[in-house]
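Trainee: Structure in C-alpha coordinates, see below.
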Amino acid sequence: MTDKKTDVIVLGAGIVGVSAAYAARQRGLSVVLVDRREPGSETSYGNAGILSSGSITPLNNPALWTALPKYLTNRHAALRWNPAWVVQNPAWVARFLTETAVSRLRPRATALHGLIGASLKLHREWIVQAGAAHRIRETGWLKAWRGDSVASAKREQALLTEYGIESRLLDRQDISALEPSIVPVYKVGLLHTQTASVDSPGNVVKAYAKMLAGEGGEIRQSEIKSIVPAEGGWRVVLDDATLIARHVVVALGPWSPDILRPLGYRVPLAFERGYHREFKPNPARSLQRPIHDADGSFLMTPMEQGIRVTSGVELTDRDAPSSFAQIDAVAPMAREVVEFGEQVGDTWRGSRPTLPDSLPMIGPAPRHAGLWLAFGNQHIGFTTGPGTGAAIAAMIKGLPPPYDVTAFAPSRYI
Ligand SMILES: Cc1cc2nc3c(=O)[nH]c(=O)nc-3n(C[C@H](O)[C@H](O)[C@H](O)COP(=O)(O)OP(=O)(O)OC[C@H]3O[C@@H](n4cnc5c(N)ncnc54)[C@H](O)[C@@H]3O)c2cc1C
(Lines give C-alpha, C1' and ligand atoms only; values in the text may rest on other atoms or scores of the structure.)
Protein backbone atom coordinates (compact mmCIF):
# COMPACT_ATOMS: atom_id res chain seq x y z
CA MET A 1 0.00 0.00 0.00
CA THR A 2 1.43 3.33 -0.94
CA ASP A 3 -0.18 6.63 0.01
CA LYS A 4 2.15 8.91 -1.92
CA LYS A 5 -0.02 11.14 -4.08
CA THR A 6 1.17 11.35 -7.66
CA ASP A 7 0.00 14.04 -10.08
CA VAL A 8 -0.85 11.55 -12.83
CA ILE A 9 -1.21 7.78 -13.07
CA VAL A 10 -1.32 6.51 -16.63
CA LEU A 11 -2.98 3.12 -17.11
CA GLY A 12 -1.48 1.15 -19.99
CA ALA A 13 2.03 1.28 -21.45
CA GLY A 14 1.26 0.94 -25.13
CA ILE A 15 2.30 3.77 -27.42
CA VAL A 16 -0.61 5.91 -26.20
CA GLY A 17 0.05 5.47 -22.47
CA VAL A 18 3.84 5.86 -22.76
CA SER A 19 3.30 9.01 -24.81
CA ALA A 20 0.81 10.46 -22.34
CA ALA A 21 3.15 9.71 -19.44
CA TYR A 22 6.16 11.22 -21.18
CA ALA A 23 4.26 14.33 -22.28
CA ALA A 24 2.93 14.80 -18.73
CA ARG A 25 6.45 14.43 -17.31
CA GLN A 26 7.73 16.97 -19.81
CA ARG A 27 5.14 19.36 -18.40
CA GLY A 28 6.63 18.94 -14.93
CA LEU A 29 4.02 16.55 -13.51
CA SER A 30 4.95 13.55 -11.36
CA VAL A 31 3.92 10.40 -13.24
CA VAL A 32 3.43 6.69 -12.60
CA LEU A 33 2.87 4.48 -15.65
CA VAL A 34 1.30 1.07 -14.97
CA ASP A 35 1.02 -2.01 -17.16
CA ARG A 36 0.87 -5.72 -16.42
CA ARG A 37 3.42 -6.29 -19.15
CA GLU A 38 6.57 -4.51 -20.28
CA PRO A 39 5.91 -1.31 -22.26
CA GLY A 40 4.97 -1.91 -25.90
CA SER A 41 4.14 -5.60 -25.58
CA GLU A 42 0.57 -5.73 -26.94
CA THR A 43 -1.08 -3.96 -29.88
CA SER A 44 1.78 -1.47 -30.00
CA TYR A 45 4.17 -4.38 -30.49
CA GLY A 46 2.54 -6.29 -33.32
CA ASN A 47 1.49 -3.58 -35.74
CA ALA A 48 2.95 -2.84 -39.16
CA GLY A 49 5.20 -0.03 -37.89
CA ILE A 50 3.92 2.61 -40.28
CA LEU A 51 4.01 6.25 -39.20
CA SER A 52 1.40 7.28 -41.68
CA SER A 53 1.02 10.85 -42.89
CA GLY A 54 -1.90 9.97 -45.13
CA SER A 55 -4.27 7.75 -43.12
CA ILE A 56 -6.95 10.43 -42.90
CA THR A 57 -9.72 8.36 -44.51
CA PRO A 58 -11.35 6.04 -42.00
CA LEU A 59 -12.39 2.55 -43.11
CA ASN A 60 -16.06 3.55 -42.86
CA ASN A 61 -15.95 5.99 -45.77
CA PRO A 62 -18.41 6.25 -48.70
CA ALA A 63 -16.42 3.70 -50.77
CA LEU A 64 -17.23 0.99 -48.20
CA TRP A 65 -20.62 0.49 -49.88
CA THR A 66 -18.96 -0.50 -53.17
CA ALA A 67 -16.87 -3.12 -51.37
CA LEU A 68 -19.68 -4.33 -49.09
CA PRO A 69 -21.14 -7.02 -51.41
CA LYS A 70 -17.79 -8.85 -51.50
CA TYR A 71 -17.35 -8.43 -47.73
CA LEU A 72 -20.81 -9.90 -47.10
CA THR A 73 -19.58 -13.24 -48.46
CA ASN A 74 -17.35 -13.38 -45.38
CA ARG A 75 -14.55 -14.88 -47.46
CA HIS A 76 -12.59 -11.74 -48.32
CA ALA A 77 -9.08 -11.23 -46.89
CA ALA A 78 -9.82 -7.56 -46.15
CA LEU A 79 -12.73 -8.23 -43.77
CA ARG A 80 -14.11 -11.25 -41.96
CA TRP A 81 -16.94 -10.80 -39.49
CA ASN A 82 -18.49 -13.01 -36.90
CA PRO A 83 -22.29 -13.10 -37.50
CA ALA A 84 -22.92 -13.69 -33.78
CA TRP A 85 -20.89 -10.56 -32.92
CA VAL A 86 -22.86 -8.51 -35.47
CA VAL A 87 -26.18 -9.73 -34.02
CA GLN A 88 -25.02 -8.84 -30.50
CA ASN A 89 -23.71 -5.40 -31.50
CA PRO A 90 -26.33 -3.92 -33.89
CA ALA A 91 -25.94 -0.39 -32.51
CA TRP A 92 -22.18 -0.32 -33.16
CA VAL A 93 -22.67 -1.67 -36.69
CA ALA A 94 -25.46 0.82 -37.46
CA ARG A 95 -23.43 3.79 -36.16
CA PHE A 96 -20.31 2.60 -38.01
CA LEU A 97 -22.26 2.43 -41.28
CA THR A 98 -23.96 5.80 -40.67
CA GLU A 99 -20.50 7.37 -40.57
CA THR A 100 -19.95 6.37 -44.23
CA ALA A 101 -22.11 9.37 -45.27
CA VAL A 102 -20.29 11.69 -47.66
CA SER A 103 -20.92 14.58 -45.26
CA ARG A 104 -18.93 12.78 -42.52
CA LEU A 105 -15.78 12.22 -44.59
CA ARG A 106 -14.12 15.63 -44.47
CA PRO A 107 -14.85 16.51 -40.82
CA ARG A 108 -13.22 13.25 -39.73
CA ALA A 109 -10.34 13.57 -42.22
CA THR A 110 -9.68 17.10 -40.94
CA ALA A 111 -9.69 15.93 -37.31
CA LEU A 112 -7.34 13.02 -38.06
CA HIS A 113 -5.07 15.24 -40.13
CA GLY A 114 -4.52 17.50 -37.10
CA LEU A 115 -3.83 14.54 -34.81
CA ILE A 116 -1.50 12.85 -37.30
CA GLY A 117 0.47 16.04 -38.02
CA ALA A 118 1.13 16.67 -34.32
CA SER A 119 2.00 13.00 -33.77
CA LEU A 120 4.51 12.69 -36.59
CA LYS A 121 6.31 15.80 -35.43
CA LEU A 122 6.66 14.31 -31.93
CA HIS A 123 7.66 10.84 -33.16
CA ARG A 124 10.46 12.40 -35.23
CA GLU A 125 11.71 14.38 -32.21
CA TRP A 126 11.27 11.65 -29.59
CA ILE A 127 12.83 8.84 -31.59
CA VAL A 128 16.05 10.87 -31.76
CA GLN A 129 15.89 11.90 -28.08
CA ALA A 130 15.26 8.26 -27.14
CA GLY A 131 18.41 7.10 -28.96
CA ALA A 132 16.30 5.04 -31.38
CA ALA A 133 16.79 7.08 -34.56
CA HIS A 134 18.34 4.04 -36.24
CA ARG A 135 14.88 2.43 -36.19
CA ILE A 136 13.09 5.01 -38.34
CA ARG A 137 13.15 4.97 -42.15
CA GLU A 138 12.09 7.98 -44.11
CA THR A 139 11.39 5.97 -47.26
CA GLY A 140 7.62 6.41 -47.42
CA TRP A 141 4.88 3.81 -47.75
CA LEU A 142 3.80 2.23 -51.02
CA LYS A 143 0.20 1.31 -51.70
CA ALA A 144 0.15 -0.87 -54.81
CA TRP A 145 -2.52 -2.37 -57.03
CA ARG A 146 -2.18 -5.49 -59.18
CA GLY A 147 -5.13 -4.45 -61.38
CA ASP A 148 -5.64 -1.42 -63.55
CA SER A 149 -6.55 0.91 -60.69
CA VAL A 150 -5.24 4.27 -61.80
CA ALA A 151 -8.63 5.82 -61.11
CA SER A 152 -8.68 4.57 -57.49
CA ALA A 153 -5.11 5.75 -56.93
CA LYS A 154 -5.92 9.17 -58.40
CA ARG A 155 -9.02 9.49 -56.21
CA GLU A 156 -6.96 8.79 -53.11
CA GLN A 157 -4.26 11.17 -54.24
CA ALA A 158 -6.79 13.97 -54.81
CA LEU A 159 -7.97 13.82 -51.17
CA LEU A 160 -4.38 13.73 -49.90
CA THR A 161 -3.51 16.74 -52.07
CA GLU A 162 -6.50 18.63 -50.67
CA TYR A 163 -4.87 18.28 -47.23
CA GLY A 164 -1.36 19.14 -48.44
CA ILE A 165 -0.16 15.53 -48.00
CA GLU A 166 2.42 14.63 -50.63
CA SER A 167 2.24 11.46 -52.70
CA ARG A 168 3.49 10.19 -56.06
CA LEU A 169 1.55 8.15 -58.60
CA LEU A 170 3.69 5.33 -59.98
CA ASP A 171 3.55 2.90 -62.88
CA ARG A 172 5.09 -0.57 -63.06
CA GLN A 173 8.53 0.77 -64.05
CA ASP A 174 8.58 3.38 -61.31
CA ILE A 175 7.68 0.69 -58.76
CA SER A 176 10.51 -1.56 -59.97
CA ALA A 177 12.95 1.34 -59.68
CA LEU A 178 11.84 1.98 -56.09
CA GLU A 179 11.68 -1.66 -55.02
CA PRO A 180 14.11 -3.53 -57.27
CA SER A 181 13.77 -6.77 -55.24
CA ILE A 182 10.07 -7.33 -55.80
CA VAL A 183 8.47 -9.28 -58.62
CA PRO A 184 6.74 -6.75 -60.92
CA VAL A 185 3.17 -7.77 -60.05
CA TYR A 186 1.92 -4.24 -59.44
CA LYS A 187 0.61 -2.07 -62.25
CA VAL A 188 -0.13 1.05 -60.21
CA GLY A 189 1.33 2.51 -57.05
CA LEU A 190 0.77 5.47 -54.76
CA LEU A 191 3.85 6.37 -52.74
CA HIS A 192 3.09 8.27 -49.54
CA THR A 193 6.33 10.22 -49.51
CA GLN A 194 5.94 11.88 -46.08
CA THR A 195 5.22 8.62 -44.31
CA ALA A 196 7.95 6.93 -42.27
CA SER A 197 8.19 3.45 -40.77
CA VAL A 198 10.11 1.72 -38.00
CA ASP A 199 11.81 -1.67 -37.86
CA SER A 200 10.40 -2.62 -34.43
CA PRO A 201 7.39 -0.76 -33.03
CA GLY A 202 7.64 -2.58 -29.69
CA ASN A 203 11.24 -1.49 -29.23
CA VAL A 204 10.38 2.09 -30.15
CA VAL A 205 7.76 2.13 -27.36
CA LYS A 206 10.34 0.62 -24.98
CA ALA A 207 12.83 3.34 -25.95
CA TYR A 208 10.22 6.05 -25.24
CA ALA A 209 9.48 4.37 -21.88
CA LYS A 210 13.19 4.36 -21.02
CA MET A 211 13.30 8.05 -21.87
CA LEU A 212 10.36 8.60 -19.49
CA ALA A 213 12.19 6.73 -16.71
CA GLY A 214 15.30 8.82 -17.42
CA GLU A 215 13.20 11.96 -16.83
CA GLY A 216 11.99 10.69 -13.46
CA GLY A 217 8.77 8.92 -14.48
CA GLU A 218 8.01 5.73 -12.54
CA ILE A 219 7.09 2.56 -14.42
CA ARG A 220 5.30 -0.25 -12.55
CA GLN A 221 4.51 -3.72 -13.79
CA SER A 222 1.22 -4.67 -12.09
CA GLU A 223 -2.28 -5.82 -12.95
CA ILE A 224 -4.74 -2.91 -12.71
CA LYS A 225 -7.87 -4.06 -10.86
CA SER A 226 -10.02 -0.94 -10.57
CA ILE A 227 -10.09 2.83 -10.27
CA VAL A 228 -12.14 4.50 -7.58
CA PRO A 229 -12.90 8.21 -7.07
CA ALA A 230 -11.27 9.45 -3.88
CA GLU A 231 -10.90 12.75 -2.03
CA GLY A 232 -9.33 15.20 -4.51
CA GLY A 233 -8.48 12.53 -7.05
CA TRP A 234 -8.34 8.80 -7.67
CA ARG A 235 -7.39 5.55 -6.02
CA VAL A 236 -5.89 3.02 -8.44
CA VAL A 237 -6.12 -0.52 -7.13
CA LEU A 238 -3.37 -2.81 -8.39
CA ASP A 239 -2.81 -6.46 -7.60
CA ASP A 240 0.13 -5.53 -5.36
CA ALA A 241 -0.59 -1.97 -4.16
CA THR A 242 -2.98 0.95 -4.19
CA LEU A 243 -1.84 4.23 -5.69
CA ILE A 244 -3.35 7.68 -5.30
CA ALA A 245 -3.30 10.47 -7.87
CA ARG A 246 -5.00 13.71 -8.78
CA HIS A 247 -5.43 12.54 -12.38
CA VAL A 248 -5.83 9.14 -14.02
CA VAL A 249 -5.38 8.55 -17.74
CA VAL A 250 -7.04 5.46 -19.22
CA ALA A 251 -4.83 4.32 -22.10
CA LEU A 252 -5.59 0.62 -22.03
CA GLY A 253 -6.19 0.31 -25.78
CA PRO A 254 -8.65 -2.54 -26.47
CA TRP A 255 -9.06 -3.17 -22.71
CA SER A 256 -10.14 0.39 -21.86
CA PRO A 257 -13.92 -0.25 -21.59
CA ASP A 258 -13.39 -2.89 -18.88
CA ILE A 259 -12.00 -0.45 -16.32
CA LEU A 260 -14.66 2.18 -17.10
CA ARG A 261 -17.76 -0.03 -16.85
CA PRO A 262 -17.96 0.02 -13.01
CA LEU A 263 -18.02 3.83 -13.20
CA GLY A 264 -21.13 3.70 -15.37
CA TYR A 265 -19.48 4.29 -18.76
CA ARG A 266 -20.49 1.86 -21.51
CA VAL A 267 -17.99 2.54 -24.27
CA PRO A 268 -19.01 1.37 -27.75
CA LEU A 269 -15.57 0.03 -28.65
CA ALA A 270 -15.20 -2.69 -31.27
CA PHE A 271 -12.17 -4.81 -32.01
CA GLU A 272 -10.84 -4.93 -35.54
CA ARG A 273 -8.56 -7.85 -34.94
CA GLY A 274 -5.51 -8.45 -37.09
CA TYR A 275 -2.66 -10.95 -37.34
CA HIS A 276 0.99 -10.87 -38.25
CA ARG A 277 3.47 -13.49 -39.32
CA GLU A 278 7.19 -12.84 -39.71
CA PHE A 279 9.51 -14.52 -42.15
CA LYS A 280 13.30 -14.75 -42.38
CA PRO A 281 14.45 -12.18 -44.91
CA ASN A 282 16.53 -13.01 -47.94
CA PRO A 283 19.32 -10.38 -47.67
CA ALA A 284 19.60 -10.27 -51.46
CA ARG A 285 15.89 -9.44 -51.76
CA SER A 286 15.18 -6.75 -49.18
CA LEU A 287 12.22 -4.36 -49.09
CA GLN A 288 12.97 -0.66 -48.78
CA ARG A 289 9.65 0.30 -47.24
CA PRO A 290 6.26 -1.12 -46.16
CA ILE A 291 4.07 -2.17 -49.07
CA HIS A 292 0.29 -2.32 -48.90
CA ASP A 293 -1.01 -4.80 -51.45
CA ALA A 294 -4.40 -3.19 -52.07
CA ASP A 295 -5.92 -6.06 -54.06
CA GLY A 296 -4.48 -8.74 -51.77
CA SER A 297 -5.56 -6.83 -48.60
CA PHE A 298 -2.30 -7.28 -46.69
CA LEU A 299 0.81 -5.36 -45.74
CA MET A 300 4.47 -6.32 -45.80
CA THR A 301 6.95 -4.41 -43.64
CA PRO A 302 10.67 -5.00 -43.40
CA MET A 303 11.34 -5.44 -39.66
CA GLU A 304 14.37 -6.12 -37.50
CA GLN A 305 13.44 -9.82 -37.39
CA GLY A 306 12.40 -10.21 -41.02
CA ILE A 307 9.45 -9.47 -43.27
CA ARG A 308 6.28 -8.90 -41.22
CA VAL A 309 3.07 -9.71 -43.11
CA THR A 310 -0.07 -8.23 -41.50
CA SER A 311 -3.64 -9.19 -42.29
CA GLY A 312 -6.91 -7.30 -42.78
CA VAL A 313 -9.76 -6.91 -40.30
CA GLU A 314 -11.52 -9.62 -38.33
CA LEU A 315 -14.58 -8.18 -36.58
CA THR A 316 -15.37 -10.30 -33.56
CA ASP A 317 -15.05 -10.42 -29.76
CA ARG A 318 -11.71 -9.24 -28.47
CA ASP A 319 -10.94 -12.53 -26.76
CA ALA A 320 -12.54 -14.98 -29.21
CA PRO A 321 -10.22 -17.83 -30.30
CA SER A 322 -7.86 -16.99 -33.16
CA SER A 323 -8.84 -17.78 -36.73
CA PHE A 324 -5.86 -17.89 -39.06
CA ALA A 325 -7.90 -17.93 -42.28
CA GLN A 326 -6.95 -14.40 -43.38
CA ILE A 327 -3.24 -14.60 -42.61
CA ASP A 328 -3.10 -18.11 -44.14
CA ALA A 329 -4.64 -16.67 -47.32
CA VAL A 330 -2.32 -13.68 -47.67
CA ALA A 331 1.08 -15.04 -46.61
CA PRO A 332 1.51 -17.02 -49.89
CA MET A 333 0.47 -13.90 -51.84
CA ALA A 334 3.24 -11.95 -50.11
CA ARG A 335 5.69 -14.67 -51.11
CA GLU A 336 4.66 -14.10 -54.75
CA VAL A 337 5.89 -10.51 -54.41
CA VAL A 338 9.16 -10.88 -52.53
CA GLU A 339 11.33 -13.89 -51.81
CA PHE A 340 11.66 -14.68 -48.12
CA GLY A 341 12.55 -17.64 -45.90
CA GLU A 342 10.69 -19.65 -43.30
CA GLN A 343 8.44 -18.30 -40.57
CA VAL A 344 10.12 -16.82 -37.50
CA GLY A 345 8.19 -17.21 -34.23
CA ASP A 346 4.45 -17.68 -33.76
CA THR A 347 1.59 -15.96 -35.52
CA TRP A 348 0.64 -12.86 -33.54
CA ARG A 349 -2.88 -11.48 -32.97
CA GLY A 350 -3.96 -8.03 -31.81
CA SER A 351 -7.05 -5.82 -31.74
CA ARG A 352 -7.36 -2.41 -33.34
CA PRO A 353 -9.62 -0.56 -30.88
CA THR A 354 -12.31 1.23 -32.90
CA LEU A 355 -15.22 3.50 -32.00
CA PRO A 356 -18.12 3.81 -34.46
CA ASP A 357 -16.79 7.02 -36.04
CA SER A 358 -13.23 5.63 -36.23
CA LEU A 359 -11.95 8.57 -34.18
CA PRO A 360 -10.26 8.05 -30.81
CA MET A 361 -11.47 9.38 -27.48
CA ILE A 362 -9.05 12.08 -26.33
CA GLY A 363 -10.26 14.17 -23.42
CA PRO A 364 -11.99 14.26 -20.06
CA ALA A 365 -14.51 11.65 -18.92
CA PRO A 366 -17.84 13.49 -18.89
CA ARG A 367 -18.94 12.76 -15.31
CA HIS A 368 -15.69 12.42 -13.33
CA ALA A 369 -13.15 15.19 -12.69
CA GLY A 370 -9.53 14.12 -13.09
CA LEU A 371 -10.35 11.12 -15.30
CA TRP A 372 -8.92 11.32 -18.83
CA LEU A 373 -9.61 9.00 -21.74
CA ALA A 374 -7.03 8.21 -24.42
CA PHE A 375 -7.93 5.19 -26.53
CA GLY A 376 -9.72 4.01 -29.67
CA ASN A 377 -6.89 4.85 -32.07
CA GLN A 378 -8.02 2.13 -34.55
CA HIS A 379 -5.67 1.36 -37.46
CA ILE A 380 -3.32 4.27 -36.80
CA GLY A 381 -2.61 4.17 -33.08
CA PHE A 382 1.10 3.60 -33.47
CA THR A 383 1.22 6.76 -35.56
CA THR A 384 -1.13 8.82 -33.38
CA GLY A 385 0.01 7.79 -29.88
CA PRO A 386 2.30 10.79 -29.29
CA GLY A 387 -0.29 13.37 -30.38
CA THR A 388 -2.94 11.66 -28.25
CA GLY A 389 -0.66 11.74 -25.21
CA ALA A 390 0.48 15.31 -25.79
CA ALA A 391 -3.11 16.58 -25.96
CA ILE A 392 -4.04 14.81 -22.72
CA ALA A 393 -0.99 16.23 -20.93
CA ALA A 394 -1.84 19.74 -22.10
CA MET A 395 -5.46 19.42 -20.99
CA ILE A 396 -4.42 18.13 -17.56
CA LYS A 397 -2.37 21.31 -17.19
CA GLY A 398 -5.37 23.38 -18.32
CA LEU A 399 -3.60 24.39 -21.52
CA PRO A 400 -4.87 24.22 -25.11
CA PRO A 401 -3.94 20.97 -26.89
CA PRO A 402 -1.57 21.22 -29.88
CA TYR A 403 -4.43 20.60 -32.38
CA ASP A 404 -8.23 20.72 -32.39
CA VAL A 405 -9.53 17.86 -30.22
CA THR A 406 -13.24 18.75 -30.45
CA ALA A 407 -14.05 15.75 -32.66
CA PHE A 408 -12.38 13.40 -30.17
CA ALA A 409 -14.47 14.42 -27.13
CA PRO A 410 -15.42 11.29 -25.12
CA SER A 411 -18.84 12.88 -24.42
CA ARG A 412 -19.93 12.13 -28.00
CA TYR A 413 -20.51 8.51 -26.94
CA ILE A 414 -20.65 8.28 -23.15
C1 LIG B 1 -2.38 -5.99 -37.46
C2 LIG B 1 -2.26 -4.56 -37.03
C3 LIG B 1 -1.48 -3.68 -37.77
C4 LIG B 1 -1.38 -2.33 -37.38
N5 LIG B 1 -0.53 -1.50 -38.09
C6 LIG B 1 -0.41 -0.20 -37.70
C7 LIG B 1 0.51 0.66 -38.35
O8 LIG B 1 1.26 0.25 -39.24
N9 LIG B 1 0.59 1.96 -37.95
C10 LIG B 1 -0.20 2.45 -36.95
O11 LIG B 1 -0.12 3.64 -36.68
N12 LIG B 1 -1.03 1.64 -36.26
C13 LIG B 1 -1.16 0.34 -36.61
N14 LIG B 1 -2.01 -0.50 -35.92
C15 LIG B 1 -2.83 0.06 -34.81
C16 LIG B 1 -2.01 0.24 -33.56
O17 LIG B 1 -1.18 -0.88 -33.33
C18 LIG B 1 -2.93 0.46 -32.34
O19 LIG B 1 -3.90 1.44 -32.63
C20 LIG B 1 -2.10 0.96 -31.15
O21 LIG B 1 -1.01 0.10 -30.92
C22 LIG B 1 -2.95 1.04 -29.88
O23 LIG B 1 -2.09 1.45 -28.86
P24 LIG B 1 -2.59 1.55 -27.36
O25 LIG B 1 -1.49 2.13 -26.57
O26 LIG B 1 -3.92 2.24 -27.35
O27 LIG B 1 -2.91 0.03 -26.94
P28 LIG B 1 -1.89 -1.18 -26.50
O29 LIG B 1 -0.60 -1.08 -27.22
O30 LIG B 1 -2.66 -2.45 -26.62
O31 LIG B 1 -1.64 -0.86 -24.98
C32 LIG B 1 -2.60 -1.14 -23.97
C33 LIG B 1 -1.84 -1.66 -22.77
O34 LIG B 1 -2.76 -1.85 -21.68
C35 LIG B 1 -2.29 -2.93 -20.92
N36 LIG B 1 -3.38 -3.44 -20.07
C37 LIG B 1 -4.64 -3.73 -20.46
N38 LIG B 1 -5.39 -4.10 -19.42
C39 LIG B 1 -4.59 -4.04 -18.32
C40 LIG B 1 -4.78 -4.29 -16.93
N41 LIG B 1 -5.97 -4.66 -16.42
N42 LIG B 1 -3.73 -4.13 -16.08
C43 LIG B 1 -2.52 -3.73 -16.56
N44 LIG B 1 -2.28 -3.46 -17.86
C45 LIG B 1 -3.31 -3.61 -18.73
C46 LIG B 1 -1.81 -3.94 -21.94
O47 LIG B 1 -0.88 -4.84 -21.35
C48 LIG B 1 -1.19 -3.03 -23.00
O49 LIG B 1 0.21 -2.90 -22.86
C50 LIG B 1 -2.12 -1.86 -36.26
C51 LIG B 1 -2.86 -2.76 -35.51
C52 LIG B 1 -2.94 -4.10 -35.86
C53 LIG B 1 -3.73 -5.04 -35.02
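The values are calculated or read from the model by the stated rules, or taken from the named source; none is laboratory data. Please read all numbers here as calculations on a predicted model, not as lab measurements. In this analysis, Cβ positions are derived from the backbone assuming ideal geometry, glycine residues included, and neighbour counts consider all displayed protein chains. Heads up: the accessible areas ignore ligands, DNA and RNA and are worked out on the full protein's heavy atoms, side chains in. Shrake-Rupley method; radii C 1.70, N 1.55, O 1.52, S 1.80 Å.
Trainee: Filter region 112-141 down to the residues that are out of contact with any helix residue (DSSP H, G or I) (no Cβ under 7 Å at 6 or more places or on another chain) and over 23 Å from ILE362 (Cα atoms) and list them by number.
Mentor: Selection gives VAL128, HIS134, ARG137, GLU138, THR139, GLY140, TRP141.
Trainee: Hey, can you tell me all the residues within region 251-275 that are touching a strand residue (DSSP E or B) at 6+ places or on another chain (Cβ under 7 Å) and either closer than 16 Å to ILE414 by Cα or more than 13 Å from the ligand (Cβ to nearest atom) (or both)?
Mentor: SER256, ILE259, LEU260, PRO262, LEU269, ALA270
Trainee: Just need a number here: residues in region 23-68 that are within 15 Å of the ligand (Cβ to nearest atom), small (Gly, Ala, Ser) and open to solvent by 20 Å² or more (accessible area, probe 1.4 Å).
Mentor: Summing the residues that are within 15 Å of the ligand (Cβ to nearest atom), small (Gly, Ala, Ser) and open to solvent by 20 Å² or more (accessible area, probe 1.4 Å) in region 23-68 gives 2.
Trainee: Additional query: Filter region 215-231 down to the residues that are hydrophobic (A, V, I, L, M, F, W, C), in contact (Cβ under 8 Å) with a residue 40 or more places away in the chain and more than 10 Å from the ligand (Cβ to nearest atom) and list them by number.
Mentor: ILE219, ILE227
Trainee: I need a count of the residues in region 114-164 that are more than 17 Å from SER52 (Cα to Cα) and in contact with a strand residue (DSSP E or B) (Cβ under 6 Å, 6 or more places away or on another chain).
Mentor: 3
Trainee: Considering only residues that are among the hydrophobic types (A, V, I, L, M, F, W, C), more than 15 Å from the ligand (Cβ to nearest atom) and buried (at least 19 other Cβ atoms within 10 Å of the Cβ), which ones fall in region 396-413?
Mentor: ILE396, VAL405
Trainee: Within region 250-287, track down each residue that is surrounded by fewer than 22 Cβ atoms within 10 Å (Cβ to Cβ), modelled with pLDDT of 95 or more and of a type in the set (Ser, Thr, Tyr).
Mentor: The answer is TYR265, and nothing else.
Trainee: Does any residue of region 113-128 turn out to be open to solvent by 40 Å² or more (accessible area, probe 1.4 Å), modelled with pLDDT of 95 or more, of a type outside the set (Gly, Ala, Ser) and farther than 30 Å from ASP357 by Cα?
Mentor: Scanning region 113-128, I find at least one residue that is open to solvent by 40 Å² or more (accessible area, probe 1.4 Å), modelled with pLDDT of 95 or more, of a type outside the set (Gly, Ala, Ser) and farther than 30 Å from ASP357 by Cα, so the answer is yes.
Trainee: Which ones in region 330-368 are of a type in the set (Gly, Ala, Ser), open to solvent by 20 Å² or more (accessible area, probe 1.4 Å) and in contact with a His (Cβ under 9 Å, 6 or more places away or on another chain)?
Mentor: Passing the criteria: none in range.
Trainee: Answer with yes or no whether THR383 is farther than 18 Å from LEU33 by Cα, assigned to a helix (DSSP H, G or I), within 16 Å of the ligand (Cβ to nearest atom) and at pLDDT 95 or above.
Mentor: Yes.
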